[in-house]
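Okay, structure first, notes after.
The values are calculated or read from the model by the stated rules, or taken from the named source; none is laboratory data. What you see is a predicted model; the values in this text were computed from it and never measured. As a convention, Cβ positions derive from the backbone with ideal geometry for all residues, glycine included, and neighbour counts pool all protein chains shown. Ligands, DNA and RNA are excluded from the accessible area calculation, which covers all protein heavy atoms including side chains. Shrake-Rupley method; radii C 1.70, N 1.55, O 1.52, S 1.80 Å.
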Amino acid sequence: MNLLKCRAVVILKRHVDIERRIMKSNLILIGFMGTGKTSLGKLLAEKLGRGFIDIDQKIEQDAGISIPQIFERYGEKYFRELEKKTVEEITKRHGLVIATGGGTVKDEDNMRMLKSSGLIVCLTTEPEEIFRRTERRGERPMLDGGEDRLQTIKKLLSERQKFYAQADYTIDTTDWSPLQIMNDICKHFKL
Ligand code: S3P
């Protein structure tokens, strides 16, 4: 087979693989805090007639306390254990829209489970806009500790870049409304 044919077969296989995964798989939103995963997830689920699960909300429901309280009482390590258990549980299900927490992707096992359960869309946003959207204290324990909040955001973003880069599709949400983002995703995946 010549090189051109080989390339065409690879592209076709990738296309078929994506089509197959769309039909029966979950649609998973990853991205940093404040990129709009939860709002978009709700909209997408409604439009596609799918169930919606927000990992953070499920953790809070199961634990009976808020995420800031979990961090304060038991620390990040314990929160990550709860997060992994939740990922394990929901990735066994199909046909959902799933919004992850900003740090869910840091864990190799989480990433493997998410990838094998569906298509991954990453939402990105400029750090200054993330700063504006997440300014309120007491809601995001990962950002509340440091002296300079914008620097903390930039540092975490660069540490996590390699995980976010593993998505099937990435979209910058800085200047877009949830509705525009939803339409773009649906157009991209022909949903
Ligand atoms: C975290 C992001 C939060 C939540 C927790 C930790 C992170 O979710 O899971 O506070 O490490 O980035 P959101 O991205 O929904 O804010």
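Filtering the range 158-182 down to residues that are touching a helix residue (DSSP H, G or I) at 6+ places or on another chain (Cβ under 6 Å) and within 13 Å of the ligand (Cβ to nearest atom), which residue is most open to solvent (accessible area, probe 1.4 Å)? So, considering only residues that are touching a helix residue (DSSP H, G or I) at 6+ places or on another chain (Cβ under 6 Å) and within 13 Å of the ligand (Cβ to nearest atom), the one most open to solvent (accessible area, probe 1.4 Å) is PHE163.
Conditions (1) open to solvent by 40 Å² or more (accessible area, probe 1.4 Å); (2) touching a Phe, Trp or Tyr at 6+ places or on another chain (Cβ under 7 Å); (3) assigned to a helix (DSSP H, G or I), marked per residue:
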residue	(1), (2), (3)
ILE53	no, no, no
ASP56	yes, no, yes
ILE59	no, no, yes
PRO68	no, no, yes
GLU72	yes, no, yes
TYR78	yes, no, yes
LEU82	no, no, yes
THR86	no, no, yes
GLU89	yes, no, yes
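Evaluation of ARG133 against the conditions (1) open to solvent by 60 Å² or more (accessible area, probe 1.4 Å); (2) more than 13 Å from LYS37 (Cα to Cα); (3) within 16 Å of the ligand (Cβ to nearest atom) shows that the sole unmet condition is (2).
Give the range 91-110 a look and list any residue that's part of a helix (DSSP H, G or I), more than 14 Å from the ligand (Cβ to nearest atom) and touching a strand residue (DSSP E or B) at 6+ places or on another chain (Cβ under 9 Å), or say none.
Of the residues in the range 91-110, the ones part of a helix (DSSP H, G or I) are 104-106, 108-110.
Of the ones still in play, those that are also more than 14 Å from the ligand (Cβ to nearest atom) are 108-109.
Residues satisfying the conditions do not exist here.
Taken over the range 145-154, the criterion of being within 12 Å of the ligand (Cβ to nearest atom) and either within 16 Å of THR174 (Cα to Cα) or open to solvent by less than 40 Å² (accessible area, probe 1.4 Å) (or both) is satisfied by THR152, ILE153.
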